[in-house]
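The values are calculated or read from the model by the stated rules, or taken from the named source; none is laboratory data. Given the structure is predicted, the values throughout are model-derived calculations rather than measurements. Glycine gets a Cβ as well: all are built from the backbone with ideal geometry, and neighbour counts include every protein chain shown. Note: areas computed on protein heavy atoms with side chains; ligands, DNA, RNA excluded. Shrake-Rupley method; radii C 1.70, N 1.55, O 1.52, S 1.80 Å.
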Amino acid sequence: FFFFFFFFQAEDGIRDFCLSRGLGDVYKRQVMGIPKTIDNDLFGTDHCPGFASAAKYIATSLMEIYHDARVYDIGTITVVEAMGRNAGWLTASGALATYAGNGPDLIYLPEVAFDVNKFISDVKNIYDKSGKCIILVSEGIKDKDGKLISEYSKGEMKKDSFGHAQLGGLAAYLADALTEETGAKVRAVELSLLQRCAAHCASKTDVDESFMAGKAAVEAAVEGETDKMVAFERKYVCGKYKCKIKLLDLSEVANTEKKVPLEWINEEGNGIKEEFVEYALPLIKGESKVKIENGLPRFVNLKKG
């Protein structure tokens, strides 16, 4: 027997596949990995398919929350929780909204140790001046000892199939702490699954590059390549962003997590520098065309054979 095997997976899946792969002992096979993770944490690739669309949704949502908060004359504080266990790429995308003039005042990533007392002080400083404050936090932020801030209220958390703590509830915990300390009206918003399934807000650049990644994987397999992962390489031609394909050994990608560079985070650990905006802005450009039927998006329903 001979078969091609293409797998779409995030960092954990690539790690487990590489560690447990035994197909070659029985069958002649070719294996090609195609990156698929909104977390954008795969090593060796400039970015991952899916990230840009999720980033666009998060930035758009923060802009909408910003304007909603300013409808009212009363003071308000809003804590928004985005995905990101160990890498803060998704949360950092809130900086795109700030770049547009309608974003969060404070952003906290898991790359930097989180201190609740400093957090409250940061919020108070902004709220006392403007009567408003929007904070974006990554679900995976930890204190200096490596303890998840979510565990402060929940205690020991349930584990998922990879042995990771099941995150969530961070925004609510921080909102309660701020209510107690400030007496302000505080809202908690957990973006949760919405940030990874908002097809109506997908980036056309992301959609096009996702197709390009799949096509490149098939072409490489047909040409005899195996045990590789398709990766993106950033180029600029006459000052314009271009995405090129390269192939990486699966063994290089497994067990290595790509995090937001510390030099892209401000010294206070509560904001994102312009370098991230320059990195992410080309990726979110363009709008995908969603089929609409009776005023609602029409989705394809595949039948399982």
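Can you give the calculated 222 nm mean residue ellipticity of the chain, where each DSSP H run of n ≥ 4 adds -39,500 (n - 2.57) and the sum is split over every residue, rounded to the nearest 500 deg cm²/dmol?
So the calculated ellipticity at 222 nm is -10000 deg cm²/dmol.
Using modelled backbone amide H atoms (1.01 Å from N, in-plane), which distant-in-sequence or interchain residues come within less than 5 Å of LEU42's amide H?
Hits under the 5 Å cutoff: LYS258.
What is the list of residues in segment 88-106 whose amide nitrogen lies under 13 Å from a point 7 angstrom out from the Cα of ARG70, following Cα to Cβ?
Backbone N within reach: 98-105.
Given the chain, what percent of its DSSP beta bridges are antiparallel, to the nearest 5?
Among the beta bridges of the chain, antiparallel pairing accounts for roughly 40 percent.
May I ask you to rank VAL260, VAL290 by accessible area, largest first, using a 1.4 Å probe over the protein chains only?
Result of the area sort, largest leading: VAL290, VAL260.
Please name whichever of GLY224, LEU283, ILE65 sits farthest to the positive end of the charge dipole of the chain, dipole taken about the Cα centre and charges placed at Cβ: Lys and Arg +1, Asp and Glu -1.
So the residue furthest toward the plus end is GLY224.
Find the accessible area per residue for the chain; the probe is 1.4 Å, ligands and nucleic acids are left out, and the unit is Å².
On a per-residue basis, the chain sits at 53 Å².
Which residue, chosen from GLY103, LEU193, THR91, occupies the Cα position most advanced towards the positive end of the dipole of the chain, where the dipole is computed from +1 (Lys, Arg) and -1 (Asp, Glu) charges on Cβ about the Cα centre?
LEU193
Give me the three principal axis extents of the chain from the C-alpha atoms, as integers in angstrom, largest value leading.
68, 43, 43
Would you grab the residues whose amide H sits under 5 Å from the one on GLY84? Only those 5+ places off in sequence or on another chain, please, with H modelled 1.01 Å from N.
Residues meeting the amide H criterion: GLU139, GLY140.
What residues qualify as long-range amide H neighbours of GLU190, i.e. H under 5 Å apart, gap of 5 or more or another chain, H built at 1.01 Å from N?
Here GLU81 satisfy the definition.
Could you look at the chain and say what percent of its accessible area is carbon and sulfur, using a 1.4 Å probe and all protein chains?
52 percent
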